[in-house]
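Participant: I have a structure here, written as structure tokens, and I will follow up with some questions on it.
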Amino acid sequence: MLVISVVNHKGGVAKTTTAVNLSAALVEQGRSVLLIDLDPQASASLWFGVRTKGQTVLKAMLEGKGLGDLVQQTLSGVDLVPSGPAFASFEKLGPKQPRSETLLRTALQGLPEKWQYVFLDCPPSLNLASVNALVAARRVLVPVTAQVLSLEPLARLLDTMWQVRERLNPDLQLNGMFASRLDSRTAHGPEVLKLLREQFGNNVYNVSIRENVNLAEAAGFQKPITQYAPSSNGAEDYRSLAKEFESRLKRELAKEKA
């Protein structure tokens with residue numbers, strides 16, 4: 001069971017869009033996937049039509065209990081641990097607990113080994129919840145909007161990731177980053193993608209997610225893009241992202257075993 005944090009402390013980068021639709025694309029390809037919503041805004045939960053106050057997630061983390069009883073099935077085949085507004089209090093209550101950065105990792109240990117992938121949809125900030133996600137994960141996946149202002153915050157995110165790896169989670173690795181909301185009709189998007197590749201090299205995926213209105217519509221209809229508009233560019237891009245994700249992962253795991 002591999003835990004992957006989908007993280008970027010900058011908002012509007014298609015983080016939840018990626019967590020939802022990459023999970024669904026992997027399920028479509030026959031994989032078993034659990035998505036854990038760690039954002040008090042609960043965008044991933046609402047995308048799947050699941051509503052909760054989130055108190056149970058909060059309680060499980062604060063009391064060191066497992067998350068297994070919180071898992072809900074969705075029509076897409078993705079299993080979900082939902083969130084809600086009450087989870088915002090974790091930022092006040094969490095620091096009062098011993099080893100507060102490891103609370104999520106402890107809660108995950110109670111999950112049954114029934115999923116190949118567990119994705120963590122992180123809030124758009126480098127807060128305690130995001131740090132918990134990095135401590136609990138083995139891989140980090142970073143969506144980056146194809147806009148020049150999105151590049152500078154990456155340094156802070158990667159610095160936080162390396163600090164977590166050094167202090168708390170030596171198994172943590174960057175799986176990669178990819179351009180999201182790419183508008184190829186303008187010169188700006190491709191230019192930013194070029195800069196991203198020049199700066200981060202092979203850490204950047206070959207696949208990019210094109211700007212696509214169907215992705216926004218899919219959230220309103222509470223379906224992943226692969227079900228809402230299966231022939232759209234958005235569905236095609238996330239299927240391609242799922243394939244490259246597994247291809248990269250296969251190479252990474254082979255290096256670990258070597």
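Participant: Output the number of residues of region 1-13 satisfying the condition of being surrounded by fewer than 22 Cβ atoms within 10 Å (Cβ to Cβ) and closer than 18 Å to Ala219 by Cβ.
Facilitator: Here the count works out to 2.
Participant: Sticking with this one: Determine whether region 26-48 contains at least one residue that is assigned to a loop (DSSP other than H, G, I, E, B), within 14 Å of Gln222 (Cα to Cα) and touching a residue at least 12 places away in the same chain (Cβ under 8 Å).
Facilitator: yes
Participant: Moving on to the next point. For residues that are surrounded by fewer than 17 Cβ atoms within 10 Å (Cβ to Cβ) and either farther than 22 Å from Arg210 by Cβ or without any contact (Cβ under 8 Å) to a residue 12 or more places away in the chain (or both), tally how many sit in region 128-152.
Facilitator: 2
Participant: Also: Report yes if some residue within region 96-113 is in contact with a strand residue (DSSP E or B) (Cβ under 6 Å, 6 or more places away or on another chain) and surrounded by 19 or more Cβ atoms within 10 Å (Cβ to Cβ); otherwise report no.
Facilitator: For region 96-113, residues in contact with a strand residue (DSSP E or B) (Cβ under 6 Å, 6 or more places away or on another chain) and surrounded by 19 or more Cβ atoms within 10 Å (Cβ to Cβ): absent.
Participant: Right, next: Residues that are of a type in the set (A, V, I, L, M, F, W, C), within 19 Å of Leu141 (Cα to Cα), at pLDDT 95 or above and part of a helix (DSSP H, G or I): does region 224-239 have at least one?
Facilitator: Yes, region 224-239 contains at least one residue that is of a type in the set (A, V, I, L, M, F, W, C), within 19 Å of Leu141 (Cα to Cα), at pLDDT 95 or above and part of a helix (DSSP H, G or I).
Participant: Given the conditions (1) within 20 Å of the chain's Cα centre (by Cα); (2) within 21 Å of Arg248 (Cβ to Cβ), and given that Ala155 satisfies all but one, which numbered condition is not satisfied?
Facilitator: That leaves (2) as the condition not met.
Participant: Considering Gly64, Gly12, Gly30, which residue is touching a Leu at 6+ places or on another chain (Cβ under 8 Å) and small (Gly, Ala, Ser)?
Facilitator: Exactly one of Gly64, Gly12, Gly30 is touching a Leu at 6+ places or on another chain (Cβ under 8 Å) and small (Gly, Ala, Ser), namely Gly64.
Participant: Pull up region 192-207, narrow it to residues that are part of a helix (DSSP H, G or I) and among the aliphatic types (A, V, I, L, M), then point me to the one that is farthest from Thr145 (Cα to Cα).
Facilitator: The residue in question is Leu195.
Participant: Can I ask one more? Testing Val57 on (1) more than 18 Å from Val7 (Cβ to Cβ); (2) within 19 Å of the chain's Cα centre (by Cα); (3) not in a loop (DSSP other than H, G, I, E, B), one condition comes back false. Which one is that?
Facilitator: Of (1) more than 18 Å from Val7 (Cβ to Cβ); (2) within 19 Å of the chain's Cα centre (by Cα); (3) not in a loop (DSSP other than H, G, I, E, B), only one is false for Val57: (1).
Participant: I've got another one for you. Part of a helix (DSSP H, G or I) and either without any contact (Cβ under 8 Å) to a residue 40 or more places away in the chain or of a type in the set (Val, Ile, Thr) (or both) - does that describe any residue in region 167-175?
Facilitator: yes
The values are calculated or read from the model by the stated rules, or taken from the named source; none is laboratory data. Predicted model only: the values in this text are computed from it and were never measured. Reconstructed Cβ throughout: ideal geometry from the backbone, glycine too, with neighbour counts over all protein chains shown.
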